[in-house]
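All remarks here apply to the structure that follows.
The values are calculated or read from the model by the stated rules, or taken from the named source; none is laboratory data. This is a predicted model, so every value here is computed, not measured. Note that we place each Cβ from the backbone using ideal geometry, even for glycine, and neighbour counts take in every protein chain shown.
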Amino acid sequence: MQNPSPLPLPLPARPRARAALSLATGLIACLAAAAHAAETPAAPPLPKDPPEPVVQEIQLEDDSVRIEELRVRGQTVSAKVKPKGKAPEYEILLGEPGRDLSPGAGTAKAGAGQRVWRLFSF
């Protein structure tokens, strides 16, 4: 029986040609991967631990009063006022930025904070 198609049958591939083609394909793939790796920047190293915030304890004192102030990252977190006379000590509550602690809208003491006296301590 004769071959019905007019196309010639392929010749058997030679082993050396097949090995050379395989080697060339592998080399091209390696060069492409190296070129892609050279184009992408390396990721920055991850920080180990976040830095500790700067904490300052400031004490101001004069003849009649002692003020203890605590600052974290440059912002005042708390302030305690201790009068040297018979008056009780009190704390000044400082609100978060953008939070109004004043008793009424439009008052003049909007940014000053509120005084708080402790009545009991356990």
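For the reader, a short list of remarks on this structure follows.
- Identity of the residue in the stretch 57-76, surrounded by 12 or more Cβ atoms within 10 Å (Cβ to Cβ) and under 28 Å from the mean Cα position of the chain (by Cα), that ends up farthest from F120 (Cα to Cα): V72
- Meets criteria (aliphatic (A, V, I, L, M) and modelled with pLDDT under 70) for A37: yes
- Residue match in the stretch 46-54 (condition: in a strand (DSSP E or B), among the charged types (D, E, K, R) and either within 22 Å of L93 (Cβ to Cβ) or modelled with pLDDT under 90 (or both)): no
- A Cβ distance below 6 Å, combined with a sequence gap of six or more or placement on separate chains, defines the contacts here; from the stretch 63-79, residues that are farther than 18 Å from P53 by Cα reach residues that are assigned to a strand (DSSP E or B) in the pairs V65/P83; R66/K82; I67/L60; I67/V81; E68/Q59; E68/K80; A79/E69; A79/I92.
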